[in-house]
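Here's the structure we're looking at; comments come further down.
The values are calculated or read from the model by the stated rules, or taken from the named source; none is laboratory data. It should be emphasised that the depicted structure is a prediction, and the values quoted were computed from it without experimental measurement. Quick reminder, even Gly has a Cβ in these numbers, built from the backbone with ideal geometry, and neighbours come from all protein chains shown.
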Amino acid sequence: MSEIVTDNAGRRIQLRRIGVVEQMRLFKALGPELSANSAYMHGALIGAAVAMIDDVPMPFPTNEAGLEAALERIGLDAMPVVAKAIEQQSDQQLAAAAGN
């Protein structure tokens, strides 16, 4: 997924595809306790899915501090925009897999 969305502040946010390997890397980076927390993982997936903001790259988080820095940069106002884009992408992938 290299979709670009725009948040309420007008920032262009480019998303990266989070596949199985990326999810496993995120679980490893966060450890078993945080990975088992569904609310935390929801935010973590949002943080990991952002590849760029206004053409400035965002590295894939490799630890809890990296994830927190990414989420701070994304900001609370942009999180719903990114979450909606991720959800729509997941719905499209499911429909394609089902042959619809």
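One table, with the values for the structure above:
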read-out	value
Qualifying position, being under 18 Å from Lys84 (Cβ atoms), within 10 Å of the chain's Cα centre (by Cα) and assigned to a loop (DSSP other than H, G, I, E, B), among Ile46, Ile18	Ile18
Candidate set from the range 6-17 (those that are surrounded by 15 or more Cβ atoms within 10 Å (Cβ to Cβ) and in contact (Cβ under 8 Å) with a residue 60 or more places away in the chain); member that is nearest to Met41 (Cα to Cα)	Leu15
Flag if Ala70 is surrounded by 17 or more Cβ atoms within 10 Å (Cβ to Cβ) and not acidic (Asp, Glu)	yes
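Yes or no, residue by residue, for (1) in contact with a strand residue (DSSP E or B) (Cβ under 8 Å, 6 or more places away or on another chain); (2) in a helix (DSSP H, G or I); (3) modelled with pLDDT of 95 or more; (4) on the phi < 0 side of the Ramachandran plot:
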{"position": "Gly10", "(1), (2), (3), (4)": "no, no, yes, no"}
{"position": "Phe60", "(1), (2), (3), (4)": "no, no, yes, yes"}
{"position": "Ala70", "(1), (2), (3), (4)": "yes, yes, yes, yes"}
{"position": "Val82", "(1), (2), (3), (4)": "yes, yes, yes, yes"}
{"position": "Ser90", "(1), (2), (3), (4)": "no, yes, no, yes"}
